[in-house]
Amino acid sequence: MASGRKHLLKVIILGDSAVGKTSLMNQYVNKRFTQQYKATIGADFLTKEVMIDDKLVTLQIWDTAGQERFQSLGVAFYRGADCCVMVYDITSSKSFDNISSWKDEFLSQSNPKNPENFPFVVLGNKLDKESERKVPNARASQWCRDNGNMPFFETSAKDAINVDEAFQTIARNALSQVKEEEEYKPTINLNGGKKDKGQKKACC
Amino acid sequence: METPLFLRKKKLFFVFTSAAKPVWTRYGSETDLSTFIGSLAAILYKFQNYYTGIQDSLRYLRTADMYVVFLCTEALFYVCISKGKDSLESLYNQLRMLHTKVISTLTDNITTMLISRPSYDARNLMGGTHSALDYLIRTTAVSPSMLDAFMPVPMLAQHRSQIQLSFKSHLDDDLLYGFIMTSTSIIYRYCRKGENIHHIDTSLLFNMLASHSSLRSTMSWTPICLPNFSDKGFVYAYITFLQDSQVGLALLSDNSAAFKNLKACGDAIETEIRGLLPIIEESVKSIPYSVSICGIKEFKHFIYMTKAVDQYTMSGFTPSTRDFLPEMPIDIYKRTLRRYFAAYKLSNIPEFFKGNYTKIDTYKNEQIVALRTNEYVLFASLSSMLPAAAVVQLTTQLLRWLKSQEQDFFIMR
Ligand SMILES: Nc1nc2c(ncn2[C@@H]2O[C@H](COP(=O)(O)OP(=O)(O)OP(=O)(O)O)[C@@H](O)[C@H]2O)c(=O)[nH]1
Ligand SMILES: [Mg+2]
């Protein structure tokens, strides 16, 4: 049973509007990129199957709307996430500063069992726009180290830089959480309804 | 975007966790559907957001040709998308049965587990149950589920009491419930003194028997959770079939170590009822029986249920096997069943039901009678040409006949 188990992992992507969340997901799943910006309304979903070591894992990726920050889908939406990906735009300091409030919001809404060990991954996107960079790599790395050693990647959804690598790490970290889970044990015997075995009527 | 293949099916069912992780789907693979399920969950969440603090959730959405029905339990969500003509009530009944079946497979510990670990991937636990769930959907679609009852095969009362006697003389303290049955029909049902068996638990046992042919080929000792008895754990069923026959014996215990006792008990009962086998087989073959046995030619179909024994009997169609008599083809039966549902609906509202309820609905090609009292429910279909007075008089006649036959139609205490 254990080896044949199929895994489905729920991955939530958060971050300010227009940092490239949808673009990253599209690049990863569909290998496509478009310059055109269409704000996500509510949420988008895509799935992707990946091999992690010898395990086939399905990622159910929930791309959320950055613009809806204060009217998000809320608690229910984050419920049962296996990994949270936080994205900022390296050309926008504000989007990076907001990462920590995204983290707080996620933790307070989803209320995971071990908040200290919950797998987050941070992505600094639009690496192809190096000339307009506002967030130094060192600053972001430092923040990730200070926040429980979150894996950190600088990516470009446009040029497909580090996208596969980032999602591979996302899948691996999400899966590591699952492995630590106990197995489901449904077998609880009902302790026979009767009290007095002594009075047992002769049967056959 | 092109419509995915699975969405073209007429009736879809989905089970997923409150984190939108798929648990079971009727068509397509759970993996392929996980984005679709995500969207369904997002719709539910959105409504939960609008109505926070209110103990309610989205119940259904309706389009010109489609119902999307939601059933939210504590930790599991059930959705049906139906393009058929089924009524909302019958779709709800199906979703509730689906939930009961999931609990019957996993026990209610799955709820506790999912509440403490919402990310838990429960899909793997449902392995090997697909055909049973699908069978459940097919049978519940054609059963008069609003009656909260099951249908035994008709049998002369004196024969049935012989079976009863053989049970009573070989009782074991470990015996909780006992059945003489085929995989689709119930001949006799025993219940430990002071306990009751819920008709849903009964149908869960039959769902298991009908959908796992292996249970019919050898003797077995099988765990099953009967949620109305206890959703906390399993009871155990000793199942064996009489040699060279379709007739079987199921003995259930809440003691997992009772196999030897129940087997001994079963052997003894088996020996005693062996002589009745031809009679039992005859009565199994007697359903579906023709509506004409009531001797009133104006009736096209009837269903009669008595509350005292939570059993019903009906002419011309058996939901468990989907066998029907030529006088009532399945599509016509389904339409009549929908009309029964419609006629019965108001009786669930206290303002309309004060111990007595009668409704006669006239359609182009039939008249539907629904009678409900605290003792019984009667549904019947008659020709649309009859005047109201005749309908009333014939119905009284039918009722009188049914009452006189109760002893043979039902398993009496
Ligand atoms: N140059 C460059 N542009 C990018 C990159 N990723 C995204 N963009 C552009 O940034 C804009 C916003 O991208 P989206 O992916 O829609 O942003 P989002 O984070 O999903 O935004 P919301 O849905 O509003 O939350 C689009 O015009 C994209 O083409 C990148 O890596 N490099
Ligand atoms: Mg977007």
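The values are calculated or read from the model by the stated rules, or taken from the named source; none is laboratory data. This one's a predicted model, so the numbers in the text were calculated from it and none came from an experiment. A quick note on method: Cβ atoms are made from the backbone with ideal geometry, for glycine too, and the neighbour counts reach across all protein chains shown. The protein model used for the area step is the full one, side chains on, heavy atoms only, and it has no ligands, DNA or RNA in it. Shrake-Rupley method; radii C 1.70, N 1.55, O 1.52, S 1.80 Å.
Using 19 Å as the Cα-Cα cut-off, could you pick out the over-long pairs in A:21/A:48; B:345/B:403; B:300/B:364; B:11/B:359? The answer is B:345/B:403; B:11/B:359.
Here the stretch B:140-192 is treated as a sphere whose radius is the Kirkwood value from Cα pairs; by Stokes-Einstein at 10 °C and 1.306 mPa s it diffuses with a coefficient of 125 µm²/s. For the stretch B:270-355, the dipole from Cβ point charges (+1 on Lys and Arg, -1 on Asp and Glu) about the Cα centre works out to 540 debye, to the nearest 20.
Once divided by 2.2 N^0.38 Å, the Cα radius of gyration of the stretch B:359-413 becomes 1.26. Per residue, the convex hull spanned by the Cα atoms of the stretch A:1-134 amounts to 127 cubic angstrom. Among the helices of chain B, those built from whole DSSP H runs whose Cα atoms reach 15 Å or more along their own axis and whose mean Kyte-Doolittle hydropathy is at least 0.5 are B:34-50, B:199-211. In a reduced charge model with +1 at each Lys and Arg Cβ and -1 at each Asp and Glu Cβ, the stretch A:36-166 shows a dipole moment near 360 debye about its Cα centre. Averaged across A:37-48, how many Cβ atoms of other chains sit within 10 Å of each residue's Cβ atom? If you average over the peptide's residues, the count of other-chain Cβ atoms is 3. Compute the Cα gyration tensor for chain B, then decide on rounded, prolate or oblate, letting a ≥ b ≥ c be the square roots of its eigenvalues: rounded whenever a/c is under 1.5, prolate when a/b is larger than b/c in the other cases, and oblate in all that remain. Oblate is the answer for chain B, as a/c is 1.5 or above yet b/c matches or exceeds a/b. Summing +1 for each Lys or Arg and -1 for each Asp or Glu among the other residues whose beta-carbon sits under 12 angstrom from that of residue A:83 gives +1.
When nucleic acids and ligands are ignored and a 1.4 Å probe is applied, residue A:7 ends up with an accessible area of around 10 Å². Amide H contacts for residue B:235 (H built 1.01 Å from N in the peptide plane; partners 5 or more residues away or on another chain; cut-off under 5 Å): B:224, B:225, B:226. Could you check how many percent of all C-alpha pairs in the stretch B:188-284 are farther apart than 17 Å? When every Cα pair of the stretch B:188-284 is considered, 53 percent fall beyond 17 Å. Using only the Cα atoms of the stretch B:217-332, each taken as one equal point scatterer with no solvent, compute I(q) by the Debye sum, divide by I(0), and report log10 of the ratio at q = 0.11, 0.14 Å⁻¹. Log10 I(q)/I(0), no solvent term: -0.57, -0.84. Computed over the stretch B:109-253, the quotient of the alpha carbon radius of gyration and 2.2 N^0.38 Å is 1.14. Each Lys and Arg adds +1 at its Cβ and each Asp and Glu adds -1 at its Cβ; summed about the Cα centre, the stretch B:168-288 shows a dipole of about 80 debye. Rolling a 1.4 Å probe across the protein heavy atoms gives the protein assembly as shown an accessible surface of 44 Å² per residue. Computed with the Debye formula from one identical point scatterer per Cα of the stretch A:72-141, without solvent, the log10 of I(q)/I(0) at q = 0.14, 0.18, 0.23, 0.26 Å⁻¹ comes to -0.48, -0.72, -0.97, -1.12.
The residues of the stretch B:233-268 listed by number as losing at least 50 Å² of accessible area in the complex, against the isolated chain and with a 1.4 Å probe, are B:234, B:254. Rounded to whole Å, the principal axis extents of the Cα atoms in the stretch B:220-264 read 37, 20, 12, largest first. According to the Kirkwood relation over distinct C-alpha pairs, the hydrodynamic radius of the stretch B:1-149 is 15.8 Å. Geometric descriptor of the stretch B:306-379, per residue, is 91 Å³ (volume of the convex hull of the Cα atoms). Coordinate range of the alpha-carbon atoms in the protein assembly as shown per principal axis, descending: 94, 64, 40 Å. Buried between A and B is an accessible area of approximately 4000 Å², summed over both sides with a 1.4 Å probe.
Diffusion coefficient (Stokes-Einstein, Kirkwood radius over C-alpha pairs, 20 °C, 1.002 mPa s) for the stretch B:274-413: 135 µm²/s, rounded to a whole number. The Cβ shell under 12 Å around residue B:67 holds other residues with a net charge of +3, Lys and Arg each +1, Asp and Glu each -1.
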